[in-house]
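Peer 1: Take a look at the following structure, please.
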Amino acid sequence: MHQFAHMADVHLGANRHGKMAELEIGAFVRAMDMCITRKVDFIVISGDLFHVGVPSDLNTVRQAVAKMREVTEHGIPIYAIYGSHDYTPTSTSIIDVIESAGLLTKIVKPQVIDGTLKLECVVDARTGAKLVGISARRMGLEREYYDMLDREELERLDGFKIFAFHSGIDELKPEYLSRMDSIPISLFPKGFDYYAGGHVHQHSEHRLPGYDRIVFPGPLFAGYGRDFEFTAKGERRGFYIVSFDQTVTDVEFVETVLVESMFKEYSLTGLNSARAQDTLAESFGSLDVDGKIVVLKIRGELSGGKTSDIDFVHLQNLLYDRGAVDVHLGRRGLTSADYASIKVAGEDVTIIEERLFKENVGTVHTNIPELQGDSGVKLSLELLRVLKEDKNPAENKKEYEARMIEDALGVLQLKGAFEK
Amino acid sequence: MKRKTSQVASELIKRLDTHLNDESIGNPFFPERGIQPFPLTTDGFKTIQNVDSDKKTAFVDGGNQEVLGAPNFSVQLNRVYFGMWSGNKRIPERSIPKRIEFFAATFSDFERGEIQYSTSLFPLAGEEAILPRERDLSFSSMDRSITVGNQRADIYRVGSISRRFSELVLAKSVVENELAPGDVILLDGTLQTAFPNEYAYLAELSQAAQKKGVILGGLSKTSALFTDTGYSLLGALDKLSAEKGITSEWYYPIADGTSKDHFVFILGVKLNAISERIFRLEIQRDQFLSLDERELNELLTQLVRNSADYTFPGYPYGLIDADRFARVTSSEREHYFAILRSQMAAMGKWEKFYRHVKATDAHNVLNKLG
Amino acid sequence: MTRMEELEIVGQIIAGKVAHILIREKTDTKIELGNLLVAESRNGLLILQVHNLFYGSQVSREVLELTAGLELEGRGGSLEFFDESLRNYVLAEARAVALVSGNRVTIPKALPDFFSSVRHVVNEDLRFMDVPENTAYLGKVRSGSNVLDVPVRLNAQDLFTHHVLIPATTGRGKSNLVKVLLWSVVNDDNLGVLVLDPHDEYYGGRGKELGLSNHPDAKDKVKYYSLAAPAGTNTLVINLKSIMPWHIEELVNLTDPQSEALYGYYFAHKKDKQWIEAIFKDERPENVAPMTAAVLQRKFKTALGLDVNEQGDLICYNRAFSATSGESTLSEMIAALESGMIVVVDTSRLSDKAELLIGSLVINEILTKYQRYKQETGSSGVSKLEDKPVVSIVIEEAPRVLGADVLSQGGDTTYSTVAREGRKFKIGLVAITQLTSVIPTTVLANLNTKIIFGNEMASERNAIISSAAQDLKEDYATIGSLDKGEAIVSSIFTKFAIPIQVPLFDDYVAEYPSRDTSEDKHDIHLKPNRRVV
């Protein structure tokens, strides 16, 4: 009987400040410790171990590497693939660095022969399990690899085999992710004992005809962005420990989250901005947020005043003062009746746009200076202008799309970054 | 007292029967002078020998209908047509038009103490040169050749004379322009002249034919001829041929005519073996006498070959064809009537003409009453 | 020399009346049923279509019969028909279908000049039909059995929004037509098509016949869903959460208490949407009797192949439905249609009901969305619907959802709603059927283009003719004589009922610049020395 651990989407570095950063690396460390305690035979990481391919915060990296060293010294090999975040086009990602230090093994071993993509498998010495994987690329571009993949050859492999991937699957996407780029299951080789997935930030186990076990572990911690909301609503975070001999005998989900979350929704419809502010402040004052990650959703239509009249920063601080570990305030669903009248008053559209961007640029969490402050506003306006362009009658949809992308990349000074 | 129809029929048939003499067929009887009949015997039949040739036969026929009529005028549409054949093949014409059409308008005038008819011709199609002369179409209304009994001649009859003359004129033109020596020109009907001035036209035709070496003939569909025992002449021939047991085509010399009005040799002919019909064929006398047996058979072979159409075996298709294309139908008559009428109305003359038309119109009215 | 003088005269107009113009055929030319003939007049070219042929003769019938008897019995001897071709001939009966003057085409209202000569139609006469901007290709104009080099193309948006009926008995080539038509509109971004494919014949691939998958742009413009999905295509699996009670009501006969019970379960699970599972897990809402619940279970079992196993888990024998996967399938299909793609759903392994349910799910969704778009105005000030592509649904054996008995029993279905009102919302139907007579005339009247294939059945021909866009009364015989691949297009968008020859799909496709499949693997995105990371 053997065991392996399957985790993904750790996104180390997504949370960079204070307690959140601690919690993030803490979850990883905890997971690794559990692997050691449970004496797993190997670990499979299905991409996005790091939040970016070249992390700037080396403290997190140091801690992660130290843990991985410990795991390796216990005789537990780590197998990994790139995710959509921690890859670089030139194989100079942090993953590669760690691999060259002998602390993990990339199991993506591709060869293009006659236009077909052949994958060499990595054999785990102790268990004889065969591992094969396809890394991700941005925006689901890994689809091309799947199109070229020599499935028949992989299907002919015998023994216990694992297919690692970092992609959404068309047939398994939840409804709210229907817009996400994903790959039809028919492009995967059939008959593998275990499909170790990543990229989907919710844990789930699936079965489709020909594909017995497709598993997504989800992030160890909260991931980033929307994940917090799900966690707060009760989504469990962790990784899988899979038992097998000839075939999989057991699949166990192991939780790793170390902190509580809470979720609350507010509707401000019918209130003017001043009253809204007061209402929120009052409510925040009574919430039990100590030691928790707080996820709030504010929506509705203010009867008077602008949404920017409400001092959300102050309100957030109220919560921090009461011990909240992290506060996520989502107010996309909040509008103001006054906004409509502003438009009608005949002000120049560009002035309105600029104002809107100015008001909201602060709410975007980013560490890229070009996207912050005035520069960010300028960039946004420019991008908006480019994307507003209509399709020429002479061009078809494909050409229009291509032109849009090219122009947008130009604005973001990323021309050539996606050169294929 | 009402009698049963079957009884009446039976009496009628008995009476007819006594008059139909089936026993002795006698010999051909011609009331006119100058015709010498030949005896009717079973030995008189001559089988038509097949003689191949590429000679042509031209068939001429005409048709007419009164378009507008009154006791004192008659407007008739006349049409004459010719077609040429060599055996069963149609031969296209070279130069002259196939069809001549014209209106003949005949009027009555009071002249020299008598009602005089005169005709004017108005060609519609074809060449003016192939029309009879108008002066030949003037007669006294009491001319014996056109009266019926001792009644004044119907003006309608005068109109139809122009048709007959134009057939002869067209035939002459055909002979001169389309036929070669040895060819035949065949008219529908006999070569006997009946109307005043008709002889002149026939003579012109006959001269032209003899000059060109084209045989002139006429074939009659019907015959009112008798034998001297009261038998129908063609019926007698039929009986005789049955007795003789002839199964192929044949000809039978019937009479030799030497009078000026009827200078022909008359034959009875059967032009198809399975046909039951016998026709009277007349050939210009001098020309007939100059034919040797081979030439005669050659001529008759052409006719036999031309008489092989399914629709009327034994009758030359050339005459069927000519009849069809020369015919003026009732619908055409009505068509032209309408044109004349509207033209008259446009010229403000209809009232004037109609006054006269009413006199003969009673028929039409009665017809319409159904 | 005029065209008429250059080209061979084949006949002359001699009599007749409107729609029954008699033409005498010239000897040794052959006029056929369905031939398009042209008479030149001062006002332009008059196009006539032959719909009947009969013998004419100058000889009376009795004589003809006698003659034939003589010949047959060998007693004719030397007799023959003189002037045979003059006296025995063929008469064609035709109707004037179009008057072409330059590029203007009108319906003729006067008789052609008496005694006009007619000739066969040639390509140049019909140039007005070739409208390159129109993408929907149906075939080439056919005159009798002769195919002209004039393509028949219709405007795809017009064609599909005004619905299409394809009546045909088996083996006449209707599937071939649908394939050709779909191929021609693959690249039309303003048109999305959902194809319910019960014989799995439209996509091709897998070493089978050619299909839409062979189109050079198939990768981006054609989606395929199947239970046995070949690599690169989508597995057909729809989550039960996508199914609403009204979908079931359309599909299965339910009594009032059963319907109420259904909604009872639905409302009880409004949030998690697992109402169907609830029916099987015996989680009865209060007002539902145990008997009713049992009946519902049974009906779902039959209709969708659902059941519970020993462990109490819901299993879907019909693999097209699942409680655990396929949540996004419906959204993806809709998104594909909204972006002008063709979505082919292989329903060959599904029951009738399952197939119709899937269609109904998609249509309902699209209809709702499009109804909303119509009411909302976009940035340019007009309704959002203006920017959306037309969506059409291809469904075979249409009487299942459009038949009179179906509609009278269960009332309007999604499909009949689309047939009646879909045009307002840019949603259309392509209904394929063997039996036209069972579809009510009120529905037929809305199917404004009929692509009519051969049909021997009198009742069917009559039903088709009586609902066609043009007067096809005289084509009764012609419809019976249509060979495989021959059809008549009768549409409100065609000036007259156009006879066409649909090309064989394989031949049609061969004219396309083919996708060089070797190029594919070295696809343009990947140069050989680029590393796959």
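The values are calculated or read from the model by the stated rules, or taken from the named source; none is laboratory data. Keep in mind it's a predicted model, so treat the numbers as computed, not measured. Cβ placement follows ideal geometry from the backbone for every residue including glycine, while neighbour counts extend to all protein chains displayed.
Peer 1: Grab the helices (runs of 4 or more DSSP H) fully contained in region B:229-307, keeping just those with 3 or more residues being within 14 Å of another protein chain (Cβ to nearest Cβ) and out of contact with any Lys or Arg (no Cβ under 8 Å at 6 or more places or on another chain).
Peer 2: Details: elements: B:233-244, B:285-290, B:293-306.
Of the helices (runs of 4 or more DSSP H) lying wholly inside region B:229-307, those with at least 3 residues that are within 14 Å of another protein chain (Cβ to nearest Cβ) and out of contact with any Lys or Arg (no Cβ under 8 Å at 6 or more places or on another chain) span B:293-306.
Peer 1: If C:PHE505 meets every condition in (1) at pLDDT 90 or above; (2) surrounded by fewer than 23 Cβ atoms within 10 Å (Cβ to Cβ) apart from one, which number is that one?
Peer 2: Single failed check for C:PHE505: (2).
Peer 1: Looking only at residues in region C:164-183 that are of a type in the set (Gly, Ala, Ser) and buried (at least 19 other Cβ atoms within 10 Å of the Cβ), which one is farthest from C:GLY359 (Cα to Cα)?
Peer 2: Our first condition is that a residue be of a type in the set (Gly, Ala, Ser); within region C:164-183, this holds for C:168, C:171, C:173, C:175.
Going one step further and asking which of them are buried (at least 19 other Cβ atoms within 10 Å of the Cβ), we end up with C:168, C:173, C:175.
Values: C:ALA168: 22, C:GLY173: 24, C:SER175: 19 Å.
The extreme case among them is C:GLY173.
Peer 1: Follow-up. May I ask you to verify whether C:THR67 is in a helix (DSSP H, G or I) and hydroxyl-bearing (Ser, Thr, Tyr)?
Peer 2: Working: in a helix (DSSP H, G or I): yes; hydroxyl-bearing (Ser, Thr, Tyr): yes.
So C:THR67 passes the test.
Peer 1: Another question, then. Condition first: within 22 Å of C:VAL186 (Cβ to Cβ) and touching a residue at least 60 places away in the same chain (Cβ under 8 Å). Can you find one or more residues in region C:396-407 that meet it?
Peer 2: Quick first cut of region C:396-407, residues within 22 Å of C:VAL186 (Cβ to Cβ) only: C:396.
With touching a residue at least 60 places away in the same chain (Cβ under 8 Å) added as a condition, the list becomes C:396.
Looking through region C:396-407, at least one residue is within 22 Å of C:VAL186 (Cβ to Cβ) and touching a residue at least 60 places away in the same chain (Cβ under 8 Å).
Peer 1: Continuing with this model, one more query. So A:THR269 clears everything in (1) over 24 Å from A:ALA80 (Cβ atoms); (2) within 14 Å of another protein chain (Cβ to nearest Cβ); (3) assigned to a loop (DSSP other than H, G, I, E, B) except one condition, right? Which one?
Peer 2: So A:THR269 meets the others, but not (2).
Peer 1: Hey, among the residues in region A:107-120 that are within 27 Å of the chain's Cα centre (by Cα) and more than 9 Å from every other protein chain (Cβ to nearest Cβ), which one's nearest to A:ALA64 (Cα to Cα)?
Peer 2: My answer is A:ILE107.
Peer 1: Can you tell which of A:TYR82, A:TYR87 is under 21 Å from A:ASP181 (Cα atoms) and free of Cβ contacts under 8 Å to residues at least 60 places away in the same chain?
Peer 2: Values: A:TYR82 fails: free of Cβ contacts under 8 Å to residues at least 60 places away in the same chain.
The unique qualifying residue is A:TYR87.
Peer 1: Further, regarding this structure: Got a sec? Which of C:VAL10, C:VAL90, C:VAL50, C:VAL59 is surrounded by 14 or more Cβ atoms within 10 Å (Cβ to Cβ), touching a residue at least 24 places away in the same chain (Cβ under 8 Å) and within 10 Å of chain B (Cβ to nearest Cβ)?
Peer 2: That would be C:VAL59, the only listed residue that is surrounded by 14 or more Cβ atoms within 10 Å (Cβ to Cβ), touching a residue at least 24 places away in the same chain (Cβ under 8 Å) and within 10 Å of chain B (Cβ to nearest Cβ).
Peer 1: Being within 30 Å of B:VAL214 (Cα to Cα), of a type in the set (A, V, I, L, M) and more than 14 Å from every other protein chain (Cβ to nearest Cβ): is that true of B:LEU340 here? First the steps, then the outcome.
Peer 2: Details: within 30 Å of B:VAL214 (Cα to Cα): no; of a type in the set (A, V, I, L, M): yes; more than 14 Å from every other protein chain (Cβ to nearest Cβ): yes.
Answer is no for this residue.
Peer 1: So, of the residues in region C:443-486 that are basic (Lys, Arg) and buried (at least 21 other Cβ atoms within 10 Å of the Cβ), which turns out to be nearest to C:LEU154 (Cα to Cα)? Explain how you work it out, then say what you get.
Peer 2: If we filter region C:443-486 for residues that are basic (Lys, Arg), which is where we start, we get C:450, C:461, C:473, C:484.
Among the residues that remain, those that are also buried (at least 21 other Cβ atoms within 10 Å of the Cβ) are: C:450, C:461.
Working: C:LYS450: 13, C:ARG461: 24 Å.
Within region C:443-486, the match that is nearest to C:LEU154 (Cα to Cα) is C:LYS450.
Peer 1: Given the options C:ALA278, C:ALA335, name the one that is surrounded by fewer than 21 Cβ atoms within 10 Å (Cβ to Cβ) and within 14 Å of chain A (Cβ to nearest Cβ). Write out each step before concluding.
Peer 2: Details: C:ALA278 fails: within 14 Å of chain A (Cβ to nearest Cβ).
Sole residue among the options that is surrounded by fewer than 21 Cβ atoms within 10 Å (Cβ to Cβ) and within 14 Å of chain A (Cβ to nearest Cβ): C:ALA335.
Peer 1: Suppose we filter A:TYR79, A:TYR87 for residues that are within 14 Å of chain C (Cβ to nearest Cβ) and surrounded by 22 or more Cβ atoms within 10 Å (Cβ to Cβ); which single one remains?
Peer 2: Details: A:TYR79 fails: within 14 Å of chain C (Cβ to nearest Cβ).
When all the criteria are applied, what remains is A:TYR87.
Peer 1: Suppose we filter region A:370-415 for residues that are farther than 19 Å from C:SER339 by Cβ, within 14 Å of chain C (Cβ to nearest Cβ) and either within 24 Å of the chain's Cα centre (by Cα) or at pLDDT below 80 (or both); how many remain?
Peer 2: 1
Peer 1: Taking strands (runs of 3 or more DSSP E) that fall entirely within region A:33-114, which contain at least 1 residues that are within 19 Å of A:ILE241 (Cβ to Cβ)?
Peer 2: Numbers: elements: A:42-46, A:78-81, A:110-113.
So the answer is A:42-46, A:78-81.
Peer 1: From the list A:ASP181, A:ASP170, pick out the single residue that is in contact with a helix residue (DSSP H, G or I) (Cβ under 9 Å, 6 or more places away or on another chain), among the acidic types (Asp, Glu) and at the interface with chain C (Cβ under 9 Å from one of its Cβ atoms). Explain how you work it out, then say what you get.
Peer 2: Values: A:ASP181 fails: at the interface with chain C (Cβ under 9 Å from one of its Cβ atoms).
None of the other options fit; the residue is A:ASP170.
Peer 1: Also, quick follow-up: If you scan region C:273-290, which residues turn out to be in a loop (DSSP other than H, G, I, E, B) and closer than 14 Å to C:MET244 by Cβ? Full working, then the answer.
Peer 2: Filtering region C:273-290 for residues in a loop (DSSP other than H, G, I, E, B) gives C:273-274, C:281-289.
The answer is C:LYS273, C:GLN274.
Peer 1: Tally time: how many residues in region C:305-327 are within 7 Å of chain A (Cβ to nearest Cβ) and in contact with a strand residue (DSSP E or B) (Cβ under 8 Å, 6 or more places away or on another chain)? Give the derivation first.
Peer 2: Our first condition is that a residue be within 7 Å of chain A (Cβ to nearest Cβ); within region C:305-327, this holds for C:319, C:324-327.
Subset that is in contact with a strand residue (DSSP E or B) (Cβ under 8 Å, 6 or more places away or on another chain): C:324-327.
Selection size over region C:305-327: 4.
Peer 1: Let me ask something else. In region C:34-78, what residues are more than 30 Å from C:ALA96 (Cβ to Cβ) and of a type in the set (Ser, Thr, Tyr)?
Peer 2: Passing the criteria: C:SER60, C:THR67, C:SER78.
Peer 1: Moving on to the next point. Only residues that are within 30 Å of A:GLU265 (Cβ to Cβ), within 13 Å of chain C (Cβ to nearest Cβ) and either surrounded by fewer than 24 Cβ atoms within 10 Å (Cβ to Cβ) or of a type in the set (Gly, Ala, Ser) (or both): list them for region A:207-233, please. Working first, answer last.
Peer 2: Step one: filter region A:207-233 for residues within 30 Å of A:GLU265 (Cβ to Cβ), giving A:216-233.
Right, trim to within 13 Å of chain C (Cβ to nearest Cβ) and you get A:216, A:233.
If the condition is that a residue be within 30 Å of A:GLU265 (Cβ to Cβ), within 13 Å of chain C (Cβ to nearest Cβ) and either surrounded by fewer than 24 Cβ atoms within 10 Å (Cβ to Cβ) or of a type in the set (Gly, Ala, Ser) (or both), then A:LYS233 is the only one that fits.
Peer 1: Now, a different point. Any idea which of (1) modelled with pLDDT of 85 or more; (2) assigned to a strand (DSSP E or B); (3) surrounded by fewer than 19 Cβ atoms within 10 Å (Cβ to Cβ) is the one B:GLN49 doesn't satisfy?
Peer 2: (2)
Peer 1: Hey, another quick one. Being more than 10 Å from chain C (Cβ to nearest Cβ), within 27 Å of the chain's Cα centre (by Cα) and surrounded by 16 or more Cβ atoms within 10 Å (Cβ to Cβ), is that true of even one residue in region A:146-161?
Peer 2: So in region A:146-161, the residues more than 10 Å from chain C (Cβ to nearest Cβ) come out as A:150, A:153-161.
Pick out the ones that are also within 27 Å of the chain's Cα centre (by Cα) and you get A:161.
This time we only want the ones that are surrounded by 16 or more Cβ atoms within 10 Å (Cβ to Cβ), so: A:161.
Looking for residues that are more than 10 Å from chain C (Cβ to nearest Cβ), within 27 Å of the chain's Cα centre (by Cα) and surrounded by 16 or more Cβ atoms within 10 Å (Cβ to Cβ), one finds at least one in region A:146-161, hence yes.
Peer 1: With the structure loaded, tell me whether B:ASP261 is without any contact (Cβ under 8 Å) to a residue 60 or more places away in the chain and surrounded by fewer than 22 Cβ atoms within 10 Å (Cβ to Cβ) or whether it fails that test. Break it down stepwise before answering.
Peer 2: On the way: without any contact (Cβ under 8 Å) to a residue 60 or more places away in the chain: no; surrounded by fewer than 22 Cβ atoms within 10 Å (Cβ to Cβ): yes.
No, not satisfied.
Peer 1: Moving on to the next point. Among C:ALA39, C:ALA19, which is the only one that is surrounded by 18 or more Cβ atoms within 10 Å (Cβ to Cβ), farther than 29 Å from B:LEU303 by Cα and touching a residue at least 12 places away in the same chain (Cβ under 8 Å)?
Peer 2: On the way: C:ALA19 fails: surrounded by 18 or more Cβ atoms within 10 Å (Cβ to Cβ).
Result: C:ALA39 is the single residue among C:ALA39, C:ALA19 that is surrounded by 18 or more Cβ atoms within 10 Å (Cβ to Cβ), farther than 29 Å from B:LEU303 by Cα and touching a residue at least 12 places away in the same chain (Cβ under 8 Å).
Peer 1: Regarding B:ALA322, is this residue within 14 Å of chain C (Cβ to nearest Cβ), within 26 Å of B:LYS239 (Cβ to Cβ), small (Gly, Ala, Ser) and buried (at least 17 other Cβ atoms within 10 Å of the Cβ)? Full working, then the answer.
Peer 2: Details: within 14 Å of chain C (Cβ to nearest Cβ): yes; within 26 Å of B:LYS239 (Cβ to Cβ): no; small (Gly, Ala, Ser): yes; buried (at least 17 other Cβ atoms within 10 Å of the Cβ): yes.
When the stated conditions are applied, B:ALA322 does not pass them.
Peer 1: Tell me yes or no: at least one residue of region C:100-117 is more than 27 Å from C:VAL180 (Cα to Cα), basic (Lys, Arg) and either modelled with pLDDT of 90 or more or crowded, with 17+ Cβ neighbours inside 10 Å (or both).
Peer 2: No, region C:100-117 contains no residue that is more than 27 Å from C:VAL180 (Cα to Cα), basic (Lys, Arg) and either modelled with pLDDT of 90 or more or crowded, with 17+ Cβ neighbours inside 10 Å (or both).
Yes/no per residue for (1) touching a Gly at 6+ places or on another chain (Cβ under 9 Å); (2) farther than 29 Å from C:ALA320 by Cβ; (3) not assigned by TED's automatic domain parsing to the domain that holds A:ILE81:
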{"site": "A:LEU177", "(1), (2), (3)": "yes, no, no"}
{"site": "A:VAL200", "(1), (2), (3)": "yes, no, no"}
{"site": "A:HIS203", "(1), (2), (3)": "yes, no, no"}
{"site": "A:ARG236", "(1), (2), (3)": "yes, yes, no"}
{"site": "A:VAL242", "(1), (2), (3)": "no, yes, no"}
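Peer 1: Run down A:THR231, A:THR256, A:THR247 and say which single residue is in contact with a helix residue (DSSP H, G or I) (Cβ under 8 Å, 6 or more places away or on another chain), at pLDDT 85 or above and of a type in the set (Ser, Thr, Tyr). Can you show your working first?
Peer 2: Details: A:THR231 fails: in contact with a helix residue (DSSP H, G or I) (Cβ under 8 Å, 6 or more places away or on another chain); A:THR247 fails: in contact with a helix residue (DSSP H, G or I) (Cβ under 8 Å, 6 or more places away or on another chain).
A:THR256 is the lone residue from the list that is in contact with a helix residue (DSSP H, G or I) (Cβ under 8 Å, 6 or more places away or on another chain), at pLDDT 85 or above and of a type in the set (Ser, Thr, Tyr).
Peer 1: A further question on this structure: Give region C:224-238 a look and list any residue that's touching an Asp or Glu at 6+ places or on another chain (Cβ under 8 Å), part of a strand (DSSP E or B) and more than 8 Å from chain A (Cβ to nearest Cβ), or say none.
Peer 2: Matches in region C:224-238: C:TYR224, C:TYR225, C:SER226.
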